[in-house]
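Novice: Handing you a structure now.
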Amino acid sequence: MTSTKYIFVTGGVSSSLGKGIIAASLAKLLQARGYRVTIQKLDPYINVDPGTLNPYEHGECYVTDDGAETDLDLGHYERFLNTPTSQANNVTTGRIYQSVIEKERRGEFLGKTVQVVPHITNEIKERIQILGKSGDYDIVITEIGGTVGDIESLPYIESVRQLKWELGDDALVIHLTLIPYLSAAGELKTKPTQHSVKTLMESGVSADILVCRTEHELSRELKDKLALFCNVKKEAVIQSIDASTIYDVPNLMLEEGLDVITMQKLNLTNTTEPNLDHWNAFLKRHKNPKAEVTIGLIGKYVELQDSYKSILEAFIHAGAENEVKVNVKSIHSEHIDAANISEALKGLNGILVAPGFGERGIDGKIEAVRYARENDLPFFGICLGMQMAVIEYSRNVLGLKNANSIEMDPDTQEPVINLMEDQKNITDMGGTMRLGAWKCSLAKGSKVAAIYGKEIIDERHRHRYEYNNAYRDQLEAAGLATTGTNPETGLVEIIEIPSHPYFVGVQYHPEYKSTVANPHPLFVSFVKAAHENSK
Ligand code: GLN
């Protein structure tokens, strides 16, 4: 292929239409035809990255191999494409302005007045083209966060306008919009879409393809009407009907011909049919489970699905791998205590104690760990969940009643979870945790070594506190094995109880690396253990 092709995905009418899933599905289809595709998300908020955002604000913060704290849509991109993303795949307004202001301070603008156009838009255009210019991709899909017409998105839409002009046939715009159904009138309505396409045009950008989110089938007549009013070809009006799983969307887009119309517009001539064999085999297993398990997800952001997005998706991948349906029951850790724990965890085949920050809800998490340990209930602890397991073991097996994490009690007498040495002088909150992929060597003969089937693994991290090695001998002697450590620093990454059917805690976040093509081995083995428990 000669030049990189750029696809922009904008949103109209309403937020939460699933731009990320549409972008990932189109990317999947193009990848399945042999193209090298990547997806980028531009977020119009002023935070430099979502790392400092509360999960209630923006859902989970997704972490890449290179340690970027990013939007959760990057998780979808990786889960669909099975290729890693990086800092370059997520850009925020905060980062754009930070970079422009730093250049201004260095005098790089040579005395010019620094303005939104051209300085901010140039910075945006540069960030969009970084991936294309790397030579690693044939196609770059850029998802513009927010909804057309938002004040915040204006510089991004202006950058798209300029790039479309400069790139000609190498760029196209897909506008994702909503066709609401008015039940009182019994009709699907096109007017909101007409208005949002018009808003886009006021900024000088015309949509090449319309993807229409809808709860009901769109008739040919309605599609033709949309084409006429919105200046797009009839075959460029694509229906995106509600699906029972996001993993159905690539096939739905294939049926609608989204990939074909995209390729036509970009003069891509590849005629190979997309190979979705592996994807469809996964879907078949996902939809035809032979058994069912229920796993308790113990956390403090459980009201919001998006807070634990990658964990929930990893369970879907692992469930399909085991041909088991995984029901995830969310349990708020603030609502459990020693008195109600057996009632709260009744009927569960395993518990996952979630990652998190701060004191709120930790007593419930510790109680849940104790219950799982004492009752041979499969336990999987991630990050804070692993730290809670160390505290629980120290308190209830070692008898160190005051064992705690420095995060929860800076003056604790028994800091079994300590602040990492290189964190001690850090005052800034943003981007300063131990982030990204680090190596971990697994102990021979351990459960995790058998699960991974290798000695050295690479997993992604996001934490400030760590297992305190001063307690390692005591804890090991009492039966809490340390079976994964960083080969350079000796930092403990994995704990397990060898005598328990499944008791594994990890300091890293395995959920970030689970994809449809590669379900994460720890989730697969945990679901398997839960299945055993259910028998
Ligand atoms: N709060 C803990 C730490 O900073 C755990 C972080 C997490 O669960 N991601 O170490």
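The values are calculated or read from the model by the stated rules, or taken from the named source; none is laboratory data. Just so it is clear, the model here is predicted, and its values are computed rather than measured. Backbone-built Cβ (ideal geometry, glycine too); neighbour counts: all protein chains shown.
Novice: Which numbered condition trips up Ala338, out of (1) within 19 Å of Asn54 (Cβ to Cβ); (2) without any contact (Cβ under 8 Å) to a residue 60 or more places away in the chain?
Specialist: Answer for Ala338: the failing condition is (1).
Novice: Further question: Suppose we filter Lys133, Lys164 for residues that are in contact (Cβ under 8 Å) with a residue 12 or more places away in the chain, among the basic types (Lys, Arg) and surrounded by 14 or more Cβ atoms within 10 Å (Cβ to Cβ); which single one remains?
Specialist: Checking each option against the conditions leaves just Lys164.
Novice: Test of understanding: among Gly358, Gly381, Gly385, which residue is within 16 Å of the ligand (Cβ to nearest atom) and at pLDDT below 95?
Specialist: One residue alone meets the criteria, Gly358.
Novice: Right, something else. Please work out if Arg462 is touching a residue at least 40 places away in the same chain (Cβ under 8 Å) and within 13 Å of the ligand (Cβ to nearest atom).
Specialist: Against the criterion (touching a residue at least 40 places away in the same chain (Cβ under 8 Å) and within 13 Å of the ligand (Cβ to nearest atom)), Arg462 qualifies.
Novice: Only one of Lys198, Lys223 is assigned to a helix (DSSP H, G or I) and touching a Lys or Arg at 6+ places or on another chain (Cβ under 9 Å); which?
Specialist: Lys223
Novice: State which residue is surrounded by the fewest Cβ atoms within 10 Å (Cβ to Cβ) when the search covers only the range 480-525 and only residues that are under 11 Å from Val448 (Cα atoms) and among the hydroxyl-bearing types (Ser, Thr, Tyr).
Specialist: Checked the range 480-525; the qualifying residue surrounded by the fewest Cβ atoms within 10 Å (Cβ to Cβ) is Thr482.
Novice: Before we move on, is Gly364 of a type outside the set (Lys, Arg), surrounded by 22 or more Cβ atoms within 10 Å (Cβ to Cβ) and either under 25 Å from Pro410 (Cα atoms) or away from the ligand (no atom under 16 Å from the Cβ) (or both)?
Specialist: In short, yes.
Novice: Does Glu256 satisfy the criteria of being closer than 28 Å to Glu313 by Cα and either among the β-branched types (Val, Ile, Thr) or buried (at least 17 other Cβ atoms within 10 Å of the Cβ) (or both)?
Specialist: Criteria met by Glu256.
Novice: Based on what the data block shows, is Lys189 touching a strand residue (DSSP E or B) at 6+ places or on another chain (Cβ under 8 Å), of a type in the set (Lys, Arg) and surrounded by fewer than 16 Cβ atoms within 10 Å (Cβ to Cβ)?
Specialist: Yes.
Novice: A further question follows. With respect to the numbered conditions (1) within 30 Å of Ser534 (Cα to Cα); (2) touching a Phe, Trp or Tyr at 6+ places or on another chain (Cβ under 7 Å); (3) within 15 Å of the ligand (Cβ to nearest atom), which one is the sole condition not fulfilled by Leu345?
Specialist: (3)
Novice: Still on this structure, please answer the following. Checking the structure you have, find out if any residue of the range 405-418 is touching a Lys or Arg at 6+ places or on another chain (Cβ under 9 Å), of a type in the set (Asp, Glu), within 12 Å of the ligand (Cβ to nearest atom) and free of Cβ contacts under 8 Å to residues at least 60 places away in the same chain.
Specialist: yes
Novice: Restricting to the range 465-479, give me the number of residues that are touching a residue at least 40 places away in the same chain (Cβ under 8 Å), within 16 Å of the ligand (Cβ to nearest atom) and either at positive phi or surrounded by fewer than 19 Cβ atoms within 10 Å (Cβ to Cβ) (or both).
Specialist: Residues flagged as touching a residue at least 40 places away in the same chain (Cβ under 8 Å), within 16 Å of the ligand (Cβ to nearest atom) and either at positive phi or surrounded by fewer than 19 Cβ atoms within 10 Å (Cβ to Cβ) (or both) within the range 465-479 amount to 0.
Novice: Which residue, of Val448, Val504, is within 16 Å of the ligand (Cβ to nearest atom), in contact (Cβ under 8 Å) with a residue 24 or more places away in the chain and closer than 26 Å to Val63 by Cα?
Specialist: Val504
Novice: Identify, please: which residue in the range 428-446 is hydroxyl-bearing (Ser, Thr, Tyr) and either modelled with pLDDT of 95 or more or more than 15 Å from Asp66 (Cα to Cα) (or both) and is, among those, farthest from the chain's Cα centre (by Cα)?
Specialist: Among them, the one singled out is Ser446.
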